[in-house]
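Data first, discussion second: the structure below is written as structure tokens.
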Amino acid sequence: MSDTPKLLSASAMALSSSALLSALIGVLKAKGIFSDEDETNVYETALLLLEEAEANDDTGAVELAREVIEAHLDS
């Protein structure tokens with residue numbers, strides 16, 4: 001199998017996960033269940049989880065994922 005379908009599948013999974021997480025946080029905030037601080041905590045916890053996984057990643061994917069989350073926190 002060529003890498004294109006694998007890359008497309010991986011990209012689709014990442015996008016769908018990101019969209020679902022953003023939607024979930026948005027709904028929880030709209031219902032007053034989540035605060036801005038809670039949202040920040042989710043992303044900071046995700047960064048900690050990525051730091052733990054980074055030692056086992058030689059592809060650079062974890063580092064790129066961390067940069068995406070950090071950019072969200074900075075905005």
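The values are calculated or read from the model by the stated rules, or taken from the named source; none is laboratory data. If you're wondering where the values come from, they're calculated on a predicted model, not measured in any experiment. Quick reminder, even Gly has a Cβ in these numbers, built from the backbone with ideal geometry, and neighbours come from all protein chains shown. Quick note on the areas: whole protein, heavy atoms, side chains included, nothing else; ligands and nucleic acids left out. Shrake-Rupley method; radii C 1.70, N 1.55, O 1.52, S 1.80 Å.
Computed quantities for the displayed model
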item: Expected 222 nm ellipticity per residue - DSSP helices of 4 or more, -39500 (n - 2.57), all of the chain, to 500; result: -28000 deg cm²/dmol
item: Accessible area of THR4 in the full protein assembly, 1.4 Å probe (Å², nearest 10); result: 100
item: Given charges at beta-carbon only (K, R positive; D, E negative), |dipole| of region 1-46 in Debye; result: 260
item: Accessible area per residue, Å², region 3-75 with all protein chains present, probe 1.4 Å; result: 76
item: Dmax and Rg, reported as Rg then Dmax, of the chain (C-alpha, Å); result: 14.5, 47
item: Accessible surface, 1.4 Å probe, highest first, among residues GLU63, GLU52; result: GLU52, GLU63
item: Degrees separating the helix 3-30 axis from the principal Cα axis of the chain, which is the longest one; result: 0
